[in-house]
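The values are calculated or read from the model by the stated rules, or taken from the named source; none is laboratory data. Keep in mind that this is a model prediction, so the values were computed, not measured. As a convention, Cβ positions derive from the backbone with ideal geometry for all residues, glycine included, and neighbour counts pool all protein chains shown. For the accessible areas, the whole protein counts, side chains as well, though only heavy atoms, and no ligand, DNA or RNA atoms are used. Shrake-Rupley method; radii C 1.70, N 1.55, O 1.52, S 1.80 Å.
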Amino acid sequence: MKTALSVMLLFAATPAFADDVKLIPFDDAGVYFPAALGKQLNIRLSADFAKANSLAGDIDGVILSELQAQKACFFGKDKGLDPDDPKLKAIARPDMGDVCIPLADVSVRYVPVAQPDAPPSPFYATDQKACSWVWKKGTGIALWAEDCAFDTGKWAITYDAGTDTFTLNTDGGDPYTVVRQFRKKPDEKLDALLPSLRKSGLIPDDNECQFAADTDIKAPPGWTLWQVVPTGERKKAFDAEPQDEVPDPPCGEVGYAVDSVGFFMVPDAHPDRVIHVDLGQDGTMFDPFTITLF
């Protein structure tokens, strides 16, 4: 049985348009939109909203800046979403540099990449001109990742069978691990991984780094998210760090960090599998919420 995060079946009910364009309404509660924060996407506005605000119905290449309870906000000054435009005063946030649109009036518009036996490809991009989504497979695991050709060189996610990891590879740079796969006995608690993490040097070799539920990110259905966080004296020392500086991660390479996003993912359907993802500071050109286990 395969397990996919969030968006495996989200598009079954979305209408098709010319050239296989799909629309995903922002008020669709079944879609995990936070994965697209800070990324580029194309949007379609409702006819009434576009007319009332003198906007084009389709706007390409905007950046999702924030998700609110009833609105989605976008950077797109050069795309017609100028927060300093008097006509957009009712929806603009000049202090933030974006505009906010009611969820019911905006949809994502994209053409999914065809790939058999895979969840739908992500509807956003790090760079729409430079990047393309590719279905990457490893041993018992697969995910959607971007291959990008930037001016600075080619960037791509590749699987290393020897270490059972996915790494980000750039021209002239060392591979950077972004996805690690761990195994435990199905009936064991997550804490059973701690000894092996200590032995491998991924976390400090003491009892003061422990698993805790990740409350910063809402887990998609069927998964729980966790972080390795400091406790005891290690937490006291971490809390005492100067507030005007970025402290080193208190619990090592796969532990909690102030300046980047990483977490462990545990699937309900595969209790013997644990996945750690490292999204870095701005995302790492793969979508963790499309991870599929075999």
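Think of it as helices only: each DSSP H run of n ≥ 4 in the chain is worth -39500 (n - 2.57), and spread over all residues that comes to -1500 deg cm²/dmol at 222 nm.
Note on surface exposure: D105, D248 rank D248, D105 by accessible area, highest first, 1.4 Å probe. Solvent-accessible surface (1.4 Å probe) assigned to Y176 amounts to roughly 110 Å². Listed by chain and number, the lysines whose C-alpha is less than 18 Å from the C-alpha of K79, apart from same-chain residues fewer than 8 away, are K39, K51, K87, K89, K129. Largest first, the residues E241, E208 sort by 1.4 Å accessible area into E241, E208. Summarising the label geometry, the points placed 7 Å from Cα in the beta-carbon direction at T163 and Q115 lie 2.2 nm from one another.
In a simple Cβ point-charge model (Lys, Arg +1; Asp, Glu -1; nothing else charged), the chain has a dipole of about 860 debye relative to its Cα centre. The portion of the accessible surface of the chain made up by carbon and sulfur, rounded to a whole percent, is 52 (1.4 Å probe; DNA, RNA and ligands excluded). Let me have the relative contact order for the chain, percent, based on Cα pairs under 8 Å that are six or more residues apart. Relative contact order comes out at 18 percent.
What the chain shows is 51 Å² of accessible area per residue, with the surface traced by a 1.4 Å probe over protein heavy atoms.
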